[in-house]
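Remarks on the structure that follows.
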Amino acid sequence: MNRRDIGTDDPRVRVRPGRGSRPRTKKRPDWSTRPLGRVIAINRGRFIVAADSGVRIVAVQARELGRGSVVVGDRVRLTGDLSGAKDTLGRIVAVEERSSVLRRSREDVPEQREKIIVANAQLMVIVTALASPPPRIGMIDRCLVAAHEAGMESLVVLTKSDLAPADDIIRTYDGFGVPFVVTTASGTDEGGCGQVTTGLEELRAHVEGRTSVLVGHSGVGKSTLINALVPDAHRSVGHVNAVTGRGRHTSTSLEAFMLPSGGWVIDTPGVRSFGLAHVDESDVLAVFPELKDVCSWCLPMCTHLESEPSCALDAWISGQEPFNAQPVSSDESDRRRRIVDSARRLLESTASARAHH
């Protein structure tokens, strides 16, 4: 047998024998009969799974699934130690097909593309404070588009109604078909802390028996709502900076909580923005029911932005040809302008985000 060339004749140099080249089998295990569970939290590479058996399990992810392939809300197949006892670990070996995927683009980090937030949620609860921090209409618009792209229903919850009226924001979305719930919390101060006293039962009726995800800026009251819906959640609530008007991140990770009456609610960390580089024009326009037919009158390749001289949206606002079947009152014209302004703001931001991706 020929001696293996190790690049030197020095007898003192010893080389470990090479490993065999035995190929791995292509036959993979069948995990379809393994126990099921729902991922309710992720913490430093450990997955907290609520097994269908009623046991809460700490699990790791099988290497073959790939990094980032398991998110909160996923239905997963489990193996390993499923007793839930202290210092035991199960293993996630398969992810069931998802019914919905909510994602947002990382416009601040373009090379990371979009990020999946949760899976299998049916309802996006868009939480906006009426004051402290001040409401941001653009955030509501963006969340509505993201929910439509994910195939989810939407609900807008306006908190801190004792600090400011809700009429103007609700009027802005007149005709959208989006339900609103207005809440008040006792003891609400500049920090937004307190117990929810009004609107809680109406909110509970929307989320019971479903999987819902709460989305919104920091300090708007998401954790307060979670604590009201799930008394054992014990989510931390924080204060709003009086100088910047921004809330502090009290929820630093996603976590799902089971509702006493059935269903799940998922609390998310506050976000500064909701990137939409992953959506297209049709997703944006679908949020504005009246605009879909209006835009059918536009020329091909119309961007629908204000710079387009022949965009049908401008004619629709003022009731000009071909939308002059009935006179348009000043109030109706103002309402249409608000809708068009929101749509154009989103179309411009999504076009800009896609250009940078």
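Describe numerically, in nm with one decimal, the distance between label points set 7 Å from Cα along Cα→Cβ at Q195 and at D10. Rounded to a tenth, the inter-label distance reads 7.8 nm. Bridging of K27 to aspartates and glutamates at a Cα separation below 19 Å is possible for E64, once same-chain residues fewer than 8 apart are set aside. Within the same chain, aspartates and glutamates fewer than 8 places from K222 are excluded, and of the rest, those with a Cα less than 13 Å from its Cα are E255, D267. Model label sites at E202 and E321, defined 7 Å from Cα along the beta-carbon direction, differ in position by 4.5 nm. Placing one equal scatterer on every Cα of the range 128-230 and applying the Debye formula, the log10 ratio I(q)/I(0) at q = 0.20 Å⁻¹ is -1.07.
Taken one residue at a time, the phi angles of the range 307-320 give Karplus couplings (6.51, -1.76, 1.60, θ = phi - 60°) of 6, 7, x, 10, 5, 5, 5, 5, 5, 5, 4, 9, x, 8 Hz. Gly and Pro are set to x.
Ranked from the most accessible area to the least, with a 1.4 Å probe and all protein chains present, what is the order of F47, F323? Before the final figure, lay out the partial values.
Numbers: F47 15, F323 40 Å².
Heavy-atom accessible area, descending, gives F323, F47.
As a length-normalised measure over Cα pairs under 8 Å and 6 or more apart, the relative contact order of the range 42-165 settles at 19 percent. Close amide H pairs (under 5 Å, H built 1.01 Å from N) link D162 with A185, residues at least 5 positions away or on another chain.
Which order do the peptides 282-295, 83-96, 147-160 take when ranked by the mean count of other beta-carbon atoms within 10 Å per residue, highest first? Display every interim value, and only then the final one.
Numbers: 282-295: 18.4, 83-96: 15.0, 147-160: 22.2.
Per-residue mean Cβ counts within 10 Å order the peptides as 147-160, 282-295, 83-96.
Each residue was assigned an accessible area with a 1.4 Å probe, and for L65 the value is about 50 Å².
Computed from the C-beta positions of D280 and L65 and an R0 of 25 Å, the FRET efficiency is 0.30 to the nearest 0.05.
The values are calculated or read from the model by the stated rules, or taken from the named source; none is laboratory data. Bear in mind that the values here come from a model prediction, so they are computed numbers and not experimental data. Cβ coordinates were reconstructed from backbone atoms using ideal geometry, including for glycine residues, and neighbour counts include every protein chain displayed. Heavy atoms of the whole protein, side chains included, go into the accessibility calculation; ligands, DNA and RNA do not. Shrake-Rupley method; radii C 1.70, N 1.55, O 1.52, S 1.80 Å.
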